[in-house]
1. Connecting C-alpha atoms closer than 10 Å in a GNM of the chain, tell me which of 102, 34, 68 has the biggest fluctuation.
2. Have a look at the range 9-93 and give its Rg and Dmax from the Cα atoms, expressed in angstrom.
3. As I understand it, the value is the acute angle between the Cα axis of helix 145-164 and the longest principal axis of the Cα atoms of the chain; what does it come to in degrees, rounded to 10?
4. Please compute the contact order of the chain in relative form: average sequence separation of alpha-carbon pairs under 8 Å and at least six residues apart, divided by the residue count, as a percent.
5. For the chain, modelled as a GNM with alpha-carbon contacts under 10 angstrom, which of 105, 155, 132 fluctuates the most?
6. Using the Cα atoms of the range 1-148, I'd like the radius of gyration and the largest Cα-Cα distance, Dmax, both in angstrom.
7. Please give the peptides 112-124, 138-150, 49-61 ranked by average Cβ packing (other Cβ atoms within 10 Å per residue), highest first, as a rough proxy for protection.
């Protein structure tokens, strides 16, 4: 993934208002991120534990989405869940249901789409073996890391397709590297 700036991210939100995009928490350590090892940028809001965000290339543009994290009840350490993107299993609250309001009219009408994701949004690092899940694990697979990355990005793209819905809501990335959003 190419390095992103705060401006890039804020301009790329497709499922929230411009005001919400301006108020959204954006990580301050963007310059220190391991960009070559990331297929998407995912982060949690430390001030609002039920909020998460993803920014990723999608349909030729940078797309950022705001997500809500469902409250988890009765999920003890013995319970294991699997991330839908990277297929990493985690105990307890290591996987969360994250839902996003759909872009455009559908979202304004209350439609949302959800997916089970690693709670720390470290999917890219788990697939590459750069982060190890606590007491969870990764499936033994015959796929290469590149094939696993392709599967992850394909699943993420399918989720973003469902969230974005109308492809006209995604603005192509300009050649100069600056990103814009209607």
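1. Comparing 102, 34, 68 in a Gaussian network model of the chain, the most mobile one is 34.
2. 14.7, 41
3. For 145-164 against the chain, the angle is about 50 degrees.
4. Values: 332 pairs, mean separation 43.0, N = 182.
Computed over the chain, the figure is 24 percent.
5. Looking only at 105, 155, 132, the largest GNM fluctuation is found for 105.
6. Considering the range 1-148 through its Cα atoms, Rg and Dmax are 15.6, 46 Å.
7. Numbers: 112-124: 20.7, 138-150: 11.8, 49-61: 18.8.
Ranked from most to least packed, the peptides come out as 112-124, 49-61, 138-150.
Any read-out appearing in this document is the output of simple, stated calculations on the displayed coordinates, not a laboratory observation. All values derive from a computational prediction rather than experimental measurement. Reconstructed Cβ throughout: ideal geometry from the backbone, glycine too, with neighbour counts over all protein chains shown.
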